[in-house]
Amino acid sequence: MLNASSVRPLDGAPLAAGAVTFDAAVADPALAVVTAVAQPLLLEFAPEQPNGRAMLVLGGGGYVQLMAGREGVQVARWLNALGYHAWVLIHRFPDAANGPAAPLADALAAMRLLREAHGSVGVVGLSSGGHLAACLAAETPAEWGLVSDAATRPDVLVIGYAPISTNAAGRTIVADKPPLPPAEKQAMYDRLQPDAQLLAGPPPAFLVYSGNDPVVPVENARRLHAAWERQGGAAELHVFADAPHGFALDTPGLPVSLWPDLCAAWLRQAGFL
């Protein structure tokens with residue numbers, strides 16, 4: 001699946017037929033888009049020269065699909081080249097079948113598995129995956145019955161163009177912005193606002209955003225960076241003045257294409273590479 005070296009169901013059950021549905025119009029695994037998830041999975045990508053650390057990769061897609069190729073496989077291969085053991089999470093979506101807590105429940109379960117296997121675990125999250133990544137350093141809603149602790153807290157975080165809280169009711173910056181469908185997705189954004197819920201002493205973070213992103217306002221970057229400072233954490237913020245939403249790793253010729261090199265230098269400085 002997506003050329004992964006192994007596939008691990010999060011629920012411990014055997015891999016089910018039809019666990020994941022892909023957009024059939026996208027044939028290239030490096031560009032694959034997941035449109036439905038019946039069983040959450042971890043896709044393993046092992047490096048040729050391990051550095052002893054692992055990274056969980058959380059792709060975007062607005063919580064209604066997953067950019068499993070551009071923001072999953074491609075990111076995992078980049079991390080492999082740096083020596084990381086990369087795992088791409090194919091999580092469930094917040095919908096009527098799964099409820100608003102499903103993505104966070106899957107991310108917490110993935111972190112616990114990887115912590116047991118590798119010890120040192122960082123997280124790279126892009127777009128909605130960046131929102132989910134930030135939630136791993138924030139307070140978990142008590143009423144959801146999920147367990148978050150030191151094992152599920154990332155050692156470092158890399159967050160790109162993530163909608164941190166401008167989708168939450170009362171915190172939008174777009175006038176008269178309607179609720180996002182489905183209702184469970186809006187409920188999740190309302191309840192998970194990682195800038196407001198960030199725990200004290202958050203892990204080191206690398207934040208990269210577009211200053212003119214038409215989908216995710218750069219205010220999200222400012223809110224998250226300010227939250228890190230309030231809670232006594234260290235966050236490096238890069239805002240590229242002119243870059244598309246979803247720039248990922250494939251925007252050659254634009255200044256934003258330099259962000260992976262900047263991130264690798266930051267990881268090295270942070271002692272995680």
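The values are calculated or read from the model by the stated rules, or taken from the named source; none is laboratory data. Computed from a prediction, not measured in an experiment: that's the story for all the values here. Positions of Cβ are generated from backbone atoms using ideal geometry, with glycine treated the same way; all protein chains shown enter the neighbour counts.
Quick look at the numbers
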| item | result |
| --- | --- |
| Answer from THR140, THR166, THR152 - the residue that is closer than 23 Å to ALA235 by Cα, of a type in the set (Ser, Thr, Tyr) and touching a Pro at 6+ places or on another chain (Cβ under 9 Å) | THR166 |
| Residues of region 64-107 satisfying the condition of being part of a helix (DSSP H, G or I) and of a type in the set (A, V, I, L, M) | VAL73, VAL75, ALA76, LEU79, ALA81, ALA102, LEU104, ALA105, ALA107 |
| Qualifying positions in region 99-114 - charged (D, E, K, R) and buried (at least 20 other Cβ atoms within 10 Å of the Cβ) | ASP106 |
| Where a residue in region 136-149 is surrounded by 11 or more Cβ atoms within 10 Å (Cβ to Cβ) and its partner, wherever it lies, is part of a strand (DSSP E or B) and small (Gly, Ala, Ser), with Cβ under 8 Å and at least six apart | ALA137/ALA205 |
| Subset of region 194-223 [closer than 19 Å to ALA270 by Cα and aliphatic (A, V, I, L, M)] | ALA200, ALA205, LEU207, VAL208 |
| Residues being among the hydrophobic types (A, V, I, L, M, F, W, C) and part of a helix (DSSP H, G or I) - total across region 148-176 | 2 |
| Any hit, region 234-242, residues being out of contact with any His (no Cβ under 6 Å at 6 or more places or on another chain), under 25 Å from SER120 (Cα atoms), surrounded by 20 or more Cβ atoms within 10 Å (Cβ to Cβ) and modelled with pLDDT of 95 or more | no |
| Residues within region 198-222 that are assigned to a helix (DSSP H, G or I) and over 17 Å from the mean Cα position of the chain (by Cα), tallied | 2 |
| Selection within region 245-263 - assigned to a helix (DSSP H, G or I) and either over 21 Å from ASN80 (Cα atoms) or not hydroxyl-bearing (Ser, Thr, Tyr) (or both) | PRO255, VAL256, LEU258, TRP259, PRO260, ASP261, LEU262, CYS263 |
| Residue match in region 21-43 (condition: of a type outside the set (S, T, N, Q), in a strand (DSSP E or B), touching a residue at least 24 places away in the same chain (Cβ under 8 Å) and closer than 16 Å to VAL123 by Cβ) | yes |
| In region 231-260, the residues that are under 20 Å from the mean Cα position of the chain (by Cα) and without any contact (Cβ under 8 Å) to a residue 24 or more places away in the chain | THR251, SER257, LEU258 |
| Region 180-197, residues that are surrounded by 14 or more Cβ atoms within 10 Å (Cβ to Cβ) and either acidic (Asp, Glu) or assigned to a loop (DSSP other than H, G, I, E, B) (or both) | LEU180, PRO182, GLU184, ASP190, LEU192, GLN193, ASP195 |
| Residue within region 69-88 that is of a type in the set (A, V, I, L, M) and within 24 Å of PRO181 (Cβ to Cβ) present | no |
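Residue by residue, here is whether (1) touching a residue at least 60 places away in the same chain (Cβ under 8 Å); (2) surrounded by fewer than 19 Cβ atoms within 10 Å (Cβ to Cβ) holds:
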residue	(1), (2)
ALA97	no, yes
SER120	yes, yes
VAL123	yes, no
PRO154	yes, no
LEU157	no, no
ALA162	yes, no
